[in-house]
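Written out below as structure tokens is the structure these notes cover.
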Amino acid sequence: MKRQDFGCAPGCSVEVTLDLIDGKWKGVILYHLQEGRLRFGELRKKLPRITQRMLTKQLRALEEDDLIVRKVYAEVPPRVDYELSETGQRLRPVIDALKAWGDANRARVDAALENKAAGAKKTQPHSDAASRPPKRPKAA
């Protein structure tokens, strides 16, 4: 994966870290790999909303960034395991902190999403046919 040049501006270390774990899935994959070595199918079961293509893409990016190790066994059918690399292991406190923050703020985030959804429902036009003006007949 092509990396950005962050320079040395204040906060660039945060940018570097976020660039490595960016996106919807990388942090969640790293979280599940904290349990230990997992096969591709096991990861798919833990992430039911991810497509096979996206999981493959994210695993390749994490491997390229040396956050995970991919081990292929010469078996039929082929077996592939993934686990955190040493660099990935050093991300444990970061992933754990993200989970703790999410746990602590889940109710607030859920409430905000519910309020947003309720607001969207109020602004949608009613589908009640009685409230619509009658259709004009087409000119002949």
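Taken over the stretch 61-101, residues that are open to solvent by 50 Å² or more (accessible area, probe 1.4 Å), of a type in the set (Gly, Ala, Ser) and under 17 Å from the mean Cα position of the chain (by Cα) amount to 2. Within the stretch 89-111, no residue that is more than 22 Å from Gly36 (Cα to Cα) and at pLDDT below 90 sits with its Cβ atom under 8 Å from a residue that is open to solvent by 60 Å² or more (accessible area, probe 1.4 Å) and in a helix (DSSP H, G or I) at 6+ positions apart or across chains.
Return yes when Val69 is among the hydrophobic types (A, V, I, L, M, F, W, C) and either part of a helix (DSSP H, G or I) or modelled with pLDDT of 95 or more (or both) and no when it is not. In short, yes.
If you check Ile50 against the conditions, is it touching a helix residue (DSSP H, G or I) at 6+ places or on another chain (Cβ under 6 Å) and either in contact (Cβ under 8 Å) with a residue 24 or more places away in the chain or crowded, with 16+ Cβ neighbours inside 10 Å (or both)? For Ile50, the condition - touching a helix residue (DSSP H, G or I) at 6+ places or on another chain (Cβ under 6 Å) and either in contact (Cβ under 8 Å) with a residue 24 or more places away in the chain or crowded, with 16+ Cβ neighbours inside 10 Å (or both) - is not met.
The values are calculated or read from the model by the stated rules, or taken from the named source; none is laboratory data. Only a predicted model underlies this, so the values are computations on that prediction, with no experimental measurement involved. Every residue, glycine as well, gets a Cβ built from its backbone with ideal geometry; the counts of neighbours run over all protein chains shown. The area values use the complete protein model at the heavy-atom level, side chains included, leaving out ligands, DNA and RNA. Shrake-Rupley method; radii C 1.70, N 1.55, O 1.52, S 1.80 Å.
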